[in-house]
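One structure, pasted below without further comment.
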Amino acid sequence: SDPDTRGNLKRMLMAKGLEVKCASQVKRALEVLETFSPDLIIEGSNPADPDGSSLAHIYKGSEKSRPIPFLFLTPENTQDSVKLPIHTGNDDMIVKPHDPNALLPEVLFHIIKMEKRRIDREIDSFRQAILKYVPLDLRAPLSAIIGFSEMILGEIDTAEMTDVPAMAENILVAGYRIHERVEKFLTLNELCTQHLTSEFFSLSPTMHMNDRIVRDIISKHYARNKIHSRIAINIKPATMMIHEYYLTIVLKELLENAAQYSNPDSEILVHGSVHDNTYCLSIRDFGIGMNKEEIARLAECAPCRLPADHQSMTHLGLAIVRKVMELCKGEISFDSKKRSHTTVNVYFPMTAGV
């Protein structure tokens, strides 16, 4: 580009907080690119080089080149635009207006446009990585975050913002889902790998079980959804050989499974009773249910081993519950009927050594 256009554009872009470097010839521009990595290169259609060479042609053909988009400035009323070295969808061109001040918004518009293209490419690459490597239970919320983020970017581009709050709410919900699933992995890892966990259980910590304890756990972990309104509680007070932290883990996982596999308007029953020297906590839901073969498959799941098909995380919560029961020397059993109900019973010791 000519010196006046180059100088004016540099001053205006720098005034917008952008870092700008200029070169009057292709050779000098290539030297600058050895130490400077720009987000965009603006090149005039008639470079001031004796051989008429183009920076885009030389740079894009170099082994050291990086995928930097080019924006070509062409004078009005010329045919240069059809000769521009636009090799990829990352490049663009604009016709220089007569008023130099009008060039700035044009350049800024194309910078934003190219940045959006870059974000779109990164999002697409991220999506492909998710499809290839991330388990199914994490894919769904990640896909929602990506999809709604793309929609928001599109809304911004068209200045249509009325749906953004709803999209942001969906992104937040998806974020919570990812957080909950990651917490499950971390909890199972803690239970299966830390020697301190076994030592902690060997100390035989106790807690007094009652309705209030259960209601507090439900209120704390399900304040953001409607599960708590479906739960009916009937707890016989008793002293159990388990710390409240681990009881919370068991109750949370069993209630989450009950809510997921039951009719959304049906009750979830939480019942606590004493049987000899054990305390039985029962979670009963009404919905999908299981047949004998499905119950048998659940019984085969090892506490610290996920299903061979790691794409399915259905049994992750159950693996956590099994490990807690193993550590506290408790037991777990199932009773279910297809398309009717499922009851999960967990039995906690009430005296040390049981």
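The values are calculated or read from the model by the stated rules, or taken from the named source; none is laboratory data. Everything numeric here is computed off the predicted structure, so don't read it as measured data. With ideal geometry, Cβ positions are generated from the backbone for all residues, glycine too; neighbour counts draw on all protein chains shown. Surface areas here come from the heavy atoms of the whole protein model, side chains and all, with no ligands, DNA or RNA. Shrake-Rupley method; radii C 1.70, N 1.55, O 1.52, S 1.80 Å.
Among residues belonging to the stretch 8-22 that are more than 36 Å from the chain's Cα centre (by Cα) and without any contact (Cβ under 8 Å) to a residue 12 or more places away in the chain, point out the one that is least open to solvent (accessible area, probe 1.4 Å).
Residue satisfying both the conditions and the ranking: 15.
So, in the stretch 221-247, how many residues would count as being surrounded by fewer than 18 Cβ atoms within 10 Å (Cβ to Cβ) and under 24 Å from residue 289 (Cα atoms)?
Total satisfying the criteria: 7.
Please indicate, with yes or no, whether at least one residue in the stretch 274-284 is of a type in the set (Lys, Arg), on the phi < 0 side of the Ramachandran plot, in a strand (DSSP E or B) and at pLDDT 90 or above.
Yes; the residues of the stretch 274-284 include at least one that is of a type in the set (Lys, Arg), on the phi < 0 side of the Ramachandran plot, in a strand (DSSP E or B) and at pLDDT 90 or above.
May I ask you to list the residues in the stretch 309-327 that are in contact with a strand residue (DSSP E or B) (Cβ under 7 Å, 6 or more places away or on another chain) and either modelled with pLDDT under 85 or over 29 Å from residue 205 (Cα atoms) (or both)?
Listed by number, the list is empty, since nothing qualifies.
Every residue, every condition in (1) surrounded by 17 or more Cβ atoms within 10 Å (Cβ to Cβ); (2) touching a helix residue (DSSP H, G or I) at 6+ places or on another chain (Cβ under 7 Å); (3) closer than 30 Å to residue 257 by Cα; (4) modelled with pLDDT of 60 or more, yes or no:
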| site | (1), (2), (3), (4) |
| --- | --- |
| 32 | no, no, no, yes |
| 43 | yes, yes, no, yes |
| 115 | no, no, no, yes |
| 125 | no, no, no, yes |
| 133 | no, no, yes, no |
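From (1) out of contact with any Gly (no Cβ under 8 Å at 6 or more places or on another chain); (2) closer than 21 Å to residue 7 by Cα; (3) modelled with pLDDT of 65 or more; (4) surrounded by 11 or more Cβ atoms within 10 Å (Cβ to Cβ), pick out the condition that doesn't hold for residue 73.
Condition (1) is where residue 73 drops out.
Answer yes if at least one residue in the stretch 251-263 is open to solvent by 30 Å² or more (accessible area, probe 1.4 Å), assigned to a strand (DSSP E or B) and either within 14 Å of residue 343 (Cα to Cα) or out of contact with any Asp or Glu (no Cβ under 7 Å at 6 or more places or on another chain) (or both), and no otherwise.
no
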